[in-house]
Amino acid sequence: MRLIFLGPPGAGKGTQSALMAERYNIQQLSTGDMLRAAVAAGTPVGLAAKDIMARGDLVPDDVVVQIISERIDQPDCRNGFILDGFPRTVAQAEALDNLLDEKGMDLDGVVELSVDDEILVERIEKRARETVGGPRADDNVDALKKRLDVYHAQTAPLIAFYKKKGNLRSVDGMADIEDVTEQIVSVLEPA
Ligand SMILES: Nc1ncnc2c1ncn2[C@@H]1O[C@H](COP(=O)(O)OP(=O)(O)O)[C@@H](O)[C@H]1O
């Protein structure tokens, strides 16, 4: 199974994709996590991404497309994967289409978690307070505002992009974690 999880920062993509990855025995691929690992390791990609991420901007499309292209070829992705945080621009979505075509892979669905902006701000402020070892570099008011603006300007258009293709499944991300999980399962496994 190959899925995309789409939604604003703080929508619960990470939480829900981890649960689904376990349920379907597929890999959760978070470009945010991969980039943070690159920053922590001080690789060339990490050095280039560090300041961009800290201010809430997007890392260049070609960088993340390359990361995903290499990652989905790994043996542990043979059973499938969930893309969490990718694609984030129409250009990334088009590049992904081409990549999957070349690799002879199909997408099984795109799950959109929808959450109102006011709730996102509360959730991320809570996450920043509760993160052991201190908040993420981009979990602060300025970077968060930027991430929401970037989401609306660059990522939200993907909802229409995938709706047009016919594989968009929208879920109310404001419900409890368990409820959201149930909704996702029911859109992926219609009775
Ligand atoms: N697909 C992507 N394209 C460009 N930048 C990305 C992508 N995925 C992650 N990033 C960078 O990593 C940051 C954190 O991403 P992520 O962990 O998905 O957080 P969130 O969804 O909470 O904003 C983004 O603000 C951006 O700078």
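The values are calculated or read from the model by the stated rules, or taken from the named source; none is laboratory data. Just so it is clear, the structure is predicted and the values come from calculations on it, not from any experiment. With ideal geometry, Cβ positions are generated from the backbone for all residues, glycine too; neighbour counts draw on all protein chains shown.
Residues in the stretch 104-122: is at least one β-branched (V, I, T) and within 20 Å of G80 (Cα to Cα)?
Yes - at least one qualifying residue is present in the stretch 104-122.
L83 meets the stated requirement of being within 18 Å of T155 (Cα to Cα) and either aliphatic (A, V, I, L, M) or out of contact with any strand residue (DSSP E or B) (no Cβ under 9 Å at 6 or more places or on another chain) (or both). Kindly indicate whether any position in the stretch 92-103 is of a type in the set (G, A, S) and either farther than 23 Å from R127 by Cα or at pLDDT below 95 (or both). Looking through the stretch 92-103, at least one residue is of a type in the set (G, A, S) and either farther than 23 Å from R127 by Cα or at pLDDT below 95 (or both).
Exactly one residue out of K145, K164 is modelled with pLDDT of 95 or more and farther than 22 Å from L29 by Cα, and it is K164.
Restricting V39, V45 to those that are within 10 Å of the ligand (Cβ to nearest atom) and surrounded by 13 or more Cβ atoms within 10 Å (Cβ to Cβ) reduces the list to V39. For the stretch 1-114, the helices (runs of 4 or more DSSP H) that sit wholly inside it and include 1 or more residues that are without any contact (Cβ under 8 Å) to a residue 40 or more places away in the chain and more than 19 Å from E189 (Cβ to Cβ) are 31-41, 44-54, 61-71, 90-103.
The residues of the stretch 1-56 that are out of contact with any Ser or Thr (no Cβ under 8 Å at 6 or more places or on another chain) and among the polar types (S, T, N, Q), listed by number, are T15, N25, Q27, T31, T43.
Going by the structure shown, is A11 within 8 Å of the ligand (Cβ to nearest atom), surrounded by 19 or more Cβ atoms within 10 Å (Cβ to Cβ) and either over 13 Å from the mean Cα position of the chain (by Cα) or at pLDDT below 95 (or both)? Considered against the rule, which asks whether it is within 8 Å of the ligand (Cβ to nearest atom), surrounded by 19 or more Cβ atoms within 10 Å (Cβ to Cβ) and either over 13 Å from the mean Cα position of the chain (by Cα) or at pLDDT below 95 (or both), A11 comes out as yes. Take L158 and tell me if it is at pLDDT 90 or above, within 25 Å of P190 (Cα to Cα) and within 16 Å of the ligand (Cβ to nearest atom). Yes; evaluated as a whole, the condition is true for this residue.
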